[in-house]
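Where a number appears in this text, it was derived from the coordinates with a stated rule and is not lab data. Computed from a prediction, not measured in an experiment: that's the story for all the values here. As a convention, Cβ positions derive from the backbone with ideal geometry for all residues, glycine included, and neighbour counts pool all protein chains shown.
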């Protein structure tokens, strides 16, 4: 069943995979699902016994009176419990990623606009060329699977043609850009 424990395991494997592939500039977008926001099991809850809440107060050096009511003790723990971050946010921070909280649509549009303002035409051109090369490789693979013969020297646009008709100067420029920015 897909629950918090399953998600934490999956998220841990995702962080390991990103690290193994050297990905450090990834954006992981999560929705508002309940299992994304679960806090550690050791975080005090109102449903805990008064004695357990007192133990947490002692551990956190929060002052309390011996005969104090459970509601009063809980009130003193509120600042601590509200500052506890979700498990996956802590995992991401431990792996070197920064997390940002919920974002409104307006804030998201502003951040996207800022990111697009930094793009140059050479970057966009390089991304398009890389995507074309990746699609060509995928097409070659599909043709191989379908037992079609692929003629690499054929520059036509037929079923298994390459469609790559750029000059060698452009290719070397694109290659240098791709190596520098696209890996």
- What order do you get for 43, 120 when you list them from fewest to most C-beta neighbours inside 10 Å? 120, 43
- Task: Any chance you could run the full-extension gain for residue 140 through residue 111? It's 0.36 nm times the residue separation minus the Cα-Cα distance, nm to one decimal.
- Result: 6.7 nm
- Task: Give the order of 82, 72 when sorted by the count of other beta carbons within 10 angstrom, beginning with the fewest.
- Result: 82, 72
- Item | the stretch 4-101: equivalent-ellipsoid semi-axes (sqrt of 5 x gyration tensor eigenvalues, Cα, Å) | 35, 13, 11
- Query: What length, rounded to one decimal in nm, is gained on full extension from residue 78 through to residue 122, with 0.36 nm per residue of separation minus their alpha-carbon distance?
  - Reply: 10.6 nm
